[in-house]
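Read through the structure below, which is laid out as structure tokens, and then see the notes.
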Amino acid sequence: MRAILCGYYGKGNGGDEALLASLLQMLPDGAVPIVLSGNPVETKQRYGVEARDRTNAFTVLQTLRTADAFIWGGGSLIQDATSIASPFYYAGLMGLAQQMGLKTVAWAQGIGPLKREITRKISQRCFAGCTGVSVRDKASATLLADWQIPFTLAPDPVWALENSPVTGLWDLPAPRVAVCLRSHPTLTPARLSILTQALVDFQKATRTLILLLPFQASQDLAIAQHLHEALPKRSRILSVEDPRKLKGVFRGVEMAIGMRLHSLIMAAAEECRCFALSYDPKVSQLMAELEMPGYLLSELPSDPYSISKTWIEHYANGDALSPDRIKFIVDRSLFHREVLRAALC
């Protein structure tokens, strides 16, 4: 069973790489993965799998002709808020795979936003033609229910991703707090300045080492460097490309302050106290589901002192998820694995 894995892979995004690693971990025995990647050489080296250039139309077509199954990897692939091209690319490949008679799976999807009628219709047609469908959030489930398309709802599969130890992490001064911010229109220069001052005050009060984690260098590294300049002797920039090691970082930190969805999922899964800075409905949904404290970035307090005070209180007295609750969530996230087995075996 040759299965094409199609997602935002090989683009240097830690969250999407974590979804790929989770998908490879959950594939049924006997399935041979072929990953469509933005960097096929790196993908092949990191995961030990076949990889093809996702932008080479001839190569992709040839790969489809030799495959038995086509899988949309997890995440927010089907949305038109970031780019109108994204849903057309992924839906175009899915539609072609369905026309060629491949088994097709929409796996661990976070659907939307879909603001345009044409992208909604194309997406509905693709999901309706799938052999199996799983989604990771209630909003996506509601949309598929409205379309009368059968699906499985389960927590994000990165909850179940196996972690790996990070060389040198335990040699760094403790205690440690991880911070993961990303470039986004809601993180204005004024808000970044407020958060920077709040982080300086928080570090002075807690005497923690601030670990700055760029999940995607192109969007996160400049912000991490800015924060490091404000805390030159009390912070480290930790660039980790292997998603299993990225998750392993959170085994060695006491608390995480994160914008990115998968920074918060990884941290929560490793029993870290978490504080969210939401820029997107998917982060707000996670906050609601886990009762995770945080701010909507659009409503960030203007006083750095009030933010640092809130962080200090959560650092001192906040609770991580219990091992029992983590196990419950991880077990439920494995429903995504059952969807793969049912569709492909």
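The values are calculated or read from the model by the stated rules, or taken from the named source; none is laboratory data. For clarity, every value in this text was computed on a predicted model and none was experimentally measured. We place every Cβ from the backbone using ideal geometry, glycine too, and count neighbours over all the protein chains shown.
A few points about this structure:
- On the stretch given as region 121-144, residues that are within 24 Å of residue 70 (Cβ to Cβ) and either in the same structural domain as residue 261 (by TED's automatic domain parsing) or assigned to a helix (DSSP H, G or I) (or both) total 12.
- Residue ID - nearest to residue 301 (Cα to Cα), chosen from residues in region 153-186 that are surrounded by 17 or more Cβ atoms within 10 Å (Cβ to Cβ) and over 19 Å from the mean Cα position of the chain (by Cα): 177
- Residue count for region 73-96, restricted to those that are surrounded by fewer than 24 Cβ atoms within 10 Å (Cβ to Cβ), assigned to a helix (DSSP H, G or I) and among the aliphatic types (A, V, I, L, M): 4.
- Extreme residue, farthest from residue 287 (Cα to Cα), among residues of region 98-119 that are in a helix (DSSP H, G or I) and at pLDDT 95 or above: 99
- All positions within region 117-164 that are charged (D, E, K, R) and either closer than 20 Å to residue 80 by Cα or without any contact (Cβ under 8 Å) to a residue 40 or more places away in the chain (or both): 117, 120, 121, 125, 136, 137, 138, 146
- Any hit, region 132-139, residues being buried (at least 21 other Cβ atoms within 10 Å of the Cβ), out of contact with any Gly (no Cβ under 9 Å at 6 or more places or on another chain) and over 19 Å from residue 274 (Cα atoms): yes
- Residue check for residue 92: under 20 Å from the mean Cα position of the chain (by Cα) and either among the small types (Gly, Ala, Ser) or over 26 Å from residue 184 (Cβ atoms) (or both): no
- Of the helices (runs of 4 or more DSSP H) that lie entirely inside region 1-72, those containing 1 or more residues that are without any contact (Cβ under 8 Å) to a residue 24 or more places away in the chain span 40-47, 57-65.
- Residues in region 83-93 that are without any contact (Cβ under 8 Å) to a residue 24 or more places away in the chain and within 13 Å of residue 16 (Cβ to Cβ): 86 only.
- Residue match in region 320-333 (condition: farther than 26 Å from residue 188 by Cα and hydroxyl-bearing (Ser, Thr, Tyr)): yes
- Flag if residue 342 is in contact (Cβ under 8 Å) with a residue 12 or more places away in the chain and among the small types (Gly, Ala, Ser): yes
- Only one entry of 201, 242 meets the criterion of being over 18 Å from residue 13 (Cα atoms), touching a helix residue (DSSP H, G or I) at 6+ places or on another chain (Cβ under 9 Å) and surrounded by fewer than 22 Cβ atoms within 10 Å (Cβ to Cβ), and that entry is 201.
- Residue that is surrounded by the most Cβ atoms within 10 Å (Cβ to Cβ), among those in region 5-30 that are over 16 Å from residue 109 (Cα atoms) and in contact with a Lys or Arg (Cβ under 8 Å, 6 or more places away or on another chain): 14
- Being out of contact with any helix residue (DSSP H, G or I) (no Cβ under 9 Å at 6 or more places or on another chain), among the hydroxyl-bearing types (Ser, Thr, Tyr) and surrounded by fewer than 24 Cβ atoms within 10 Å (Cβ to Cβ) holds for only one residue in 193, 218, 235, 306, and it is 218.
- Against the list (1) under 22 Å from residue 280 (Cα atoms); (2) in the same structural domain as residue 311 (by TED's automatic domain parsing), the condition residue 159 fails is (2).
- Single residue of region 145-195 satisfying the filter (polar (S, T, N, Q) and part of a loop (DSSP other than H, G, I, E, B)) that is nearest to residue 125 (Cα to Cα): 148
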